[in-house]
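Undergrad: Here it is: the structure, laid out below.
The values are calculated or read from the model by the stated rules, or taken from the named source; none is laboratory data. Predicted model, so just to flag it, every value in this text is computed and none were measured. For neighbour counting, all protein chains shown are included, and Cβ atoms are generated from backbone atoms with ideal geometry for every residue, glycine included.
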Protein chains: 2
Amino acid sequence: MDSLKKGWFSELNELWPGMSLSLQVEEVLHKEKSSYQDIMVLQTKSHGKALILDGIIQCTESDEFAYQEMISFLPLCCHPSPKRVLIVGGGDGGVAREVAKHPDVERIDQVEIDAQVIEVSKKFLPSMAVGFSHPKLSLHVEDGFKFMQQHEHEFDVVITDSSDPVGPAVSLFQESYFSLMRRALRPGGIVCSQGGTVWANSEHVAQTLSHCQATFPAAAYAYAAVPTYPTGQIGFVLGSLDENTKFRDPVRKFSDDELESMHLRYYNSDIHQAAFTMPRFAQKILSSTSNPSDRNNNPGDSS
Amino acid sequence: MDSLKKGWFSELNELWPGMSLSLQVEEVLHKEKSSYQDIMVLQTKSHGKALILDGIIQCTESDEFAYQEMISFLPLCCHPSPKRVLIVGGGDGGVAREVAKHPDVERIDQVEIDAQVIEVSKKFLPSMAVGFSHPKLSLHVEDGFKFMQQHEHEFDVVITDSSDPVGPAVSLFQESYFSLMRRALRPGGIVCSQGGTVWANSEHVAQTLSHCQATFPAAAYAYAAVPTYPTGQIGFVLGSLDENTKFRDPVRKFSDDELESMHLRYYNSDIHQAAFTMPRFAQKILSSTSNPSDRNNNPGDSS
């Protein structure tokens, strides 16, 4: 399969071998090679515009809300008072758009390494890039590692909206990165990272969670439905400096009226709870992080 | 895109326009045209064997357990004593395999119209077709409509494991079909039908649910993750003759030991609850079944 042929874009990657989602393309709106990656924006037939980095779908206008809301509100609603938030990555602006909605958030710092992703998003994906123009936001175009090394004990919540663990983003899934996030947190702080899906990368999910568990006294994995991500699901790895954090039970519960006024289309407190509820095979994979010999428990194995 | 080219099978259908899931194929194990449909069995590279009917993926060995367990145990665990079960469709045998596990079930009748699907499944998909050899099962190769017309007030649970609402299966999503199921039920009986996904066919889901609501005093919609179905999700429409049925709260809760001995890999009581928990946009679509003017609320619409 070629990635762009006969009016279809196909997503192929070693992380989800043997399967490929294709989107019908009306127009290639933009294509460039930045210092960090290949950037492409497609006008799809049925999913609005799509941002593609290094051949992987980052978001489509049709379902980005599910991902952006969940990676933002899961950690924010587990923190009793999330005043200062750091976003690492998130170059399309969608996570900043969501974080800025939380009434307790006073200041958002965002560190994105690739200025071109920001520029392209501003031009082609204004419904996401609107996040960049929020008065709460300070945007830093630099390396997230370096930024965090210079900012100790400053943030209540650190959200890592990264691409998948191939190429430049690999380091964002390692234990040293979780340590760096820990150091950047104020007491009681919470982190939330894109964490892959147990349906395609169960070993990777278990490994990322185990790094988080090794670094934080409380840690958990949650997931949401995002149809244009591989297998239609995406996961989140959360860690808290407060050992009493019960991730399943949000400390902040917004009313339906509040959710409506924030234009939330996926998140509410019930969905928050459900996101931490795992199918049995996934429970086993994730509990095996304390017993690595059980880890090869892919969904396709017969029991 | 062609459906089978260069070692990949691509699933294309008007029900999910502009998107297509492809599976890498090692071998086409079987291909025939039965009296009812095109039947194909593929040996895929990463998802085990796949059964394809009229170009649509019905199941793969990698994730069929999620669908088969949920369409079976959601209704079974909402019924206080599901002794007699009717399965309509389900020609691969996977639903019979799951239903037979429930200790209360004494007799299963299954009506599948296409004998060739059964034969092909027995030959190529023995891990599913094992359901056909269970002593609780009586298999009838005939039309489900006709069978139900001849069986009034006989069943505690009716499960419809159909293909999607294109071609021959369209009638299984209409109000007349829900009336027929209602007539086949004993007092307190429950039905569960494959119900599509709000991410691709929100109008269709809302319509099917409204048919169910018009026919049964209690009705609900649930969903599960099944990566090889379009959008990675599949839904279920449930109806009960008992107006007090609370679908979210199973009356039968199996212990972990019981679930383990039944080899369940997706279902447990928590997942049962979570399956009825909808993202906000889906809540709106489904609540609009009582107000059809709100129904055009697709996930891609901005709010």
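Undergrad: Which condition breaks for B:Tyr266 when tested against (1) more than 10 Å from chain A (Cβ to nearest Cβ); (2) at pLDDT 65 or above?
TA: The failed condition is (1).
Undergrad: I would also like to ask the following. Does segment A:155-168 contain any residue that is small (Gly, Ala, Ser), more than 16 Å from the chain's Cα centre (by Cα) and at pLDDT 95 or above? If you could, list the steps in order and put the result at the bottom.
TA: The first filter runs over segment A:155-168 and keeps only residues small (Gly, Ala, Ser), leaving A:162-163, A:167.
So of that shortlist, the ones also more than 16 Å from the chain's Cα centre (by Cα) come out as A:167.
From what is left, the residues that are at pLDDT 95 or above are none.
Checked segment A:155-168: no residue is small (Gly, Ala, Ser), more than 16 Å from the chain's Cα centre (by Cα) and at pLDDT 95 or above.
Undergrad: Which ones in segment B:1-24 are of a type in the set (A, V, I, L, M, F, W, C) and either over 10 Å from B:Ile52 (Cβ atoms) or under 25 Å from the mean Cα position of the chain (by Cα) (or both)? So that I can check it myself, show each step before the final result.
TA: Looking only at segment B:1-24, we keep the residues that are of a type in the set (A, V, I, L, M, F, W, C), and these are B:1, B:4, B:8-9, B:12, B:15-16, B:19, B:21, B:23.
The answer is B:Met1, B:Trp8, B:Phe9, B:Leu12, B:Leu15, B:Trp16, B:Met19, B:Leu21, B:Leu23.
Undergrad: Considering only residues that are hydrophobic (A, V, I, L, M, F, W, C), within 30 Å of B:Asp143 (Cβ to Cβ) and touching a helix residue (DSSP H, G or I) at 6+ places or on another chain (Cβ under 9 Å), which ones fall in segment B:20-35? If you could, list the steps in order and put the result at the bottom.
TA: Start the filter on segment B:20-35 by keeping residues that are hydrophobic (A, V, I, L, M, F, W, C), which leaves B:21, B:23, B:25, B:28-29.
Then drop every residue that is not within 30 Å of B:Asp143 (Cβ to Cβ), which leaves B:28-29.
The one that is hydrophobic (A, V, I, L, M, F, W, C), within 30 Å of B:Asp143 (Cβ to Cβ) and touching a helix residue (DSSP H, G or I) at 6+ places or on another chain (Cβ under 9 Å): B:Leu29.
Undergrad: Only residues that are of a type in the set (S, T, N, Q), more than 18 Å from A:Ser22 (Cα to Cα) and touching a residue at least 24 places away in the same chain (Cβ under 8 Å): list them for segment B:1-47, please.
TA: Initially, segment B:1-47 is screened for residues of a type in the set (S, T, N, Q), giving B:3, B:10, B:13, B:20, B:22, B:24, B:34-35, B:37, B:43-44, B:46.
In the following step, the residues that additionally are more than 18 Å from A:Ser22 (Cα to Cα) were identified as B:34-35, B:37, B:43.
Correct list: B:Ser34, B:Ser35, B:Gln37.
Undergrad: Separate question: Of these, A:Ala219, A:Ala200, which one is touching a Gly at 6+ places or on another chain (Cβ under 8 Å) and not aromatic (Phe, Trp, Tyr)?
TA: On the way: A:Ala200 fails: touching a Gly at 6+ places or on another chain (Cβ under 8 Å).
After applying the criteria, what remains is A:Ala219.
Residues are listed down the side, and each one gets a yes or a no for (1) within 11 Å of chain A (Cβ to nearest Cβ); (2) among the hydrophobic types (A, V, I, L, M, F, W, C); (3) at negative phi:
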{"position": "B:Leu4", "(1), (2), (3)": "no, yes, yes"}
{"position": "B:Pro17", "(1), (2), (3)": "yes, no, yes"}
{"position": "B:Glu27", "(1), (2), (3)": "no, no, yes"}
{"position": "B:His47", "(1), (2), (3)": "yes, no, yes"}
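Undergrad: If I filter segment B:233-256 for residues that are closer than 26 Å to A:Ser46 by Cβ and either within 8 Å of another protein chain (Cβ to nearest Cβ) or in a loop (DSSP other than H, G, I, E, B) (or both), do I get at least one hit? If you could, list the steps in order and put the result at the bottom.
TA: Quick first cut of segment B:233-256, residues closer than 26 Å to A:Ser46 by Cβ only: B:233-237.
Then drop every residue that is not either within 8 Å of another protein chain (Cβ to nearest Cβ) or in a loop (DSSP other than H, G, I, E, B) (or both), which leaves B:233.
Looking through segment B:233-256, at least one residue is closer than 26 Å to A:Ser46 by Cβ and either within 8 Å of another protein chain (Cβ to nearest Cβ) or in a loop (DSSP other than H, G, I, E, B) (or both).
Undergrad: Out of the residues in segment B:108-136 that are charged (D, E, K, R) and assigned to a loop (DSSP other than H, G, I, E, B), which is farthest from B:Ser62 (Cα to Cα)?
TA: Applying the first criterion (charged (D, E, K, R)) to segment B:108-136 yields B:109, B:112, B:114, B:119, B:122-123, B:136.
Still in the running and assigned to a loop (DSSP other than H, G, I, E, B): B:114, B:136.
On the way: B:Asp114: 24, B:Lys136: 26 Å.
Only one residue fits best here, namely B:Lys136.
Undergrad: A follow-up question, please. So A:Arg182 passes all but one of these: (1) free of Cβ contacts under 8 Å to residues at least 40 places away in the same chain; (2) among the basic types (Lys, Arg); (3) closer than 23 Å to A:Asp164 by Cα. Which condition number does it fail?
TA: (1)
Undergrad: Pull out all pairs, ordered by first then second residue, where Cβ-Cβ is under 6 Å, the residues are six or more apart or on different chains, the first lies in segment A:155-169 and is over 17 Å from A:Gln207 (Cα atoms), and the second is among the charged types (D, E, K, R).
TA: Qualifying pairs under 6 Å: A:Phe155/A:Arg84; A:Asp156/A:Lys83; A:Asp156/A:Arg84; A:Asp156/A:Arg186.
Undergrad: Tally time: how many residues in segment A:261-280 are touching a residue at least 40 places away in the same chain (Cβ under 8 Å) and charged (D, E, K, R)?
TA: 1
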